[in-house]
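For reference, the structure is listed below as structure tokens.
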Amino acid sequence: MRRKKLGFVDMSESEIEIQREADLQRETDLQREADLQRLMQSRPNYLLVIWSNFSRNKFAVAGLAVVLILLVLALVTPMIVSIDMTTDIDIRGKLMPPGPGHIFGKDHLGRDVFARLLYGSRVSLTMGFIPMGCSLFLGILFGSAAVYRGGLLETIILRACDILSCIPGVLLALTLVAVLGPGLRNVMIAITIAAVPDMTRYVRSVILNIVGLEYIEAARACGIGSTAIIARHVIPNAAGPLILSAVSNIASMIMIGAGLSYLGLGVQLPNPEWGAMLADGQNYFMHAPHLMIVPGITMLIAVLSFNLMGDGLRDALDPKLR
């Protein structure tokens, strides 16, 4: 009876010890969860950190403000002026200087310059944003395929980029438009093709820097496929540099599109576009300089604003580059 009693007592003490360890482990887990929640609450928001770094650059903030104003004006242009004002001919009002009722005057056919400038902004910004988005998508597609597939596919992609990179981007776009023919769609196709080689190389270099990190190796060790790794880990971590590169390229794409329209290979008259407006007004510069000054200054402000915003975004995403 005594052994049984002692045995019973020993068994009870073992159970009590196990229960104590379980309670201690539970308290430790709860404490860790509480500490993690406090850490997440105290950690600054990533977007707020980017905005804080970005807002320190006053020129970048000014550039962002101008870009937003241009985008808003481009979106609400049909609510401000009628499309008919860009095509209605008024010979009696031709070459009218800026004044009340027509703040930027009229061109050689009596068309309102302010209305044509607003509708031209829609075309010029379209030639910047759509080719940028398409070239970024194709660059991510080809760049990630070159890194993860390698072999013959990587060789083909890189050699194709080498061949296209031998031709300056403006000259390549000019050649493609000369082959495809003038027009807004063909201009955007040409600008996209001209931008893809450099974007592909940049995406490849960014991905190569990421795939060697420890968390990518851990994902591979867990059996995650290459496609899932690219979608879940590589692209989100490469988003900052890629967005920065895309924003910086918008200004150059607007300039290329305007240059092609200035040469008569882009948007065709009477459709309004900043480069086409420059070409249309150069013959009247001595008598009506506002026909070139207004679209020229507008293009200068737009390109400068995108560049300032890109510089500020670069500093915000990587303060070490400042």
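What number comes out for the charge environment of Gly169, summing +1 per Lys or Arg and -1 per Asp or Glu over other residues with Cβ under 15 Å away? Before the final figure, lay out the partial values.
Working: positive: Arg201; negative: Asp162, Asp198.
Here the count lands on -1.
Normalised by the number of residues in the chain, what is the relative contact order in percent for Cα pairs under 8 Å and 6+ residues apart? Can you show the working numbers first?
Numbers: 371 pairs, mean separation 77.0, N = 322.
Here the relative contact order equals 24 percent.
Which net charge results for the neighbourhood of Thr126, defined as the other residues with beta-carbon distances under 12 angstrom from its beta-carbon, given Lys and Arg at +1 and Asp and Glu at -1?
Details: positive: Arg122, Arg185; negative: Glu273.
With Lys, Arg at +1 and Asp, Glu at -1, the net is +1.
Using the Karplus curve 6.51 cos²θ - 1.76 cosθ + 1.60 with θ = phi - 60°, work out ³J(HN,Hα) for each residue of segment 281-291 in order, rounded to whole Hz, and write x for Gly and Pro.
Karplus values, whole Hz, x for Gly and Pro: x, 5, 6, 10, 5, 6, 9, 9, x, 5, 5.
Could I have the simple spin-label model distance between Ala228 and Thr155, label points 7 Å from Cα toward Cβ, reported in nm to one decimal?
3.2
What ranking do Lys94, Lys58, Lys106 get, fewest neighbouring Cβ atoms within 10 angstrom at the top?
Numbers: Lys94 16, Lys58 10, Lys106 27.
Least to most surrounded, the residues fall as Lys58, Lys94, Lys106.
Out of Glu21, Glu154, Glu214, any idea which swings most in a Gaussian network model of the chain, alpha carbons joined below 10 Å?
Answer for the Gaussian network model of the chain: Glu21.
Once mean projected area of the Cα convex hull in nm² is worked out from the coordinates, which option in (i) 20.3; (ii) 18.9; (iii) 26.7 does it equal?
Evaluating mean projected area of the Cα convex hull in nm² on these atoms matches (iii).
Students often get this wrong: which residues of segment 239-281 have the backbone nitrogen under 13 Å from the point 7 angstrom along Cα-to-C-beta of Ile89?
Under 13 Å, as judged by backbone N against the label point of Ile89, lie 270 of segment 239-281.
Distance between Cα centroids, segment 198-269 to segment 93-109: provide it in whole Å.
Cα centroid to Cα centroid, the span is 44 Å.
Could you compute the FRET efficiency for Asn237 and Thr175, with r as their C-beta to C-beta distance and R0 at 51 Å, rounded to 0.05?
Working: r = 37 Å, r/R0 = 0.72.
Efficiency at R0 = 51 Å is approximately 0.90.
So if we plug the beta-carbon distance of Ile80 and Ser55 into 1/(1 + (r/R0)^6) with R0 = 30 Å, what FRET efficiency do we get, rounded to 0.05? Write down the numbers at each step before the final one.
On the way: r = 30 Å, r/R0 = 1.00.
Using R0 = 30 Å, I get an efficiency of 0.50.
What number comes out for the charge environment of His102, summing +1 per Lys or Arg and -1 per Asp or Glu over other residues with Cβ under 14 Å away? It would help to have the intermediate numbers written out before the result.
Numbers: positive: Arg92, Lys94, Lys106, Arg111, Arg116; negative: Asp88, Asp90, Asp107, Asp112.
With Lys, Arg at +1 and Asp, Glu at -1, the net is +1.
I want to check the label-to-label distance for Gln19 and Leu73. Put each point 7 Å from Cα in the C-beta direction and report it in nm to one decimal.
7.8
Read-outs throughout are calculated quantities, based only on the coordinates presented, and are distinct from any laboratory measurement. Since the structure is predicted, the reported quantities are computational estimates derived from the model, not experimental observations. Positions of Cβ are generated from backbone atoms using ideal geometry, with glycine treated the same way; all protein chains shown enter the neighbour counts.
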